[in-house]
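Each remark here refers to the structure printed beneath this line.
The values are calculated or read from the model by the stated rules, or taken from the named source; none is laboratory data. Predicted, not measured: the structure shown is a model, and the values here were computed from it. Every residue, glycine among them, receives a Cβ derived from its backbone with ideal geometry; neighbour counts consider all protein chains shown. When the accessible area is computed, the model is the full protein with side chains, heavy atoms only, and any ligands, DNA or RNA have been set aside. Shrake-Rupley method; radii C 1.70, N 1.55, O 1.52, S 1.80 Å.
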Amino acid sequence: MQLSIDNKELDKFIMIGDRVLMRPTNPQGKTKSGLLLPPLVQEGEKLQTGYVIKTGPGIPLPSDDNETWKKKEEKMHYLPLQAEIGDLAVYLQSSGYEIIINEDKYLILPHSAILMLIRESFE
C-alpha cells in the first residue's frame, strides 16, 4: 500500500505507540554501481537500511491502579524505544508501509521490525 501526502511539514507528524518513521537510504532502488532495480527485485530484498526520522512515545504500559479511590493519572506511561532520531537502522522491509511525503519516500515500521541500530554518538 502506498499513501501520498503533499504540502505537509514533518514536524507536524506524530508517530503513535511503537511506530517509527524511516527514510530509506536507497529509495530509488539503485545498486552501488548506479543500475536501477525494477520494483519486483527491490521487494524481494528482505533487509534494508534507513535513517530514523521520527519515533513514537513507546509501548504503552498497562495501568496497575486497581484501587478505585485513587485519582486516575491523565498521563500514559510508555516503555521507551531504543531507536532515536538520526540512527541508521537495519530493518525488515516487509513489515513497513510506504508513504510519500512531498515526493520523498518514507516507511512506517513497528519498532519490532528493526534488527540493528547504528548510532554515531553515545551519550
Notebook entry, point to check: When only DSSP loop residues count, what chymotrypsin sites (Phe, Trp or Tyr not before Pro) in region 82-123 have their Cβ near at most 13 other Cβ atoms within 10 Å?
Noted result: Phe122
Margin query: If I model a spin label at Glu9 and Tyr51 as a point 7 Å from the Cα along the Cα→Cβ vector, what separation in nanometres do I get?
Written below: 1.9
Check: Leaving out ligands, DNA and RNA but keeping every protein chain, what accessible area does Asp87 have, in Å² rounded to the nearest 10, with a 1.4 Å probe?
Finding: 0
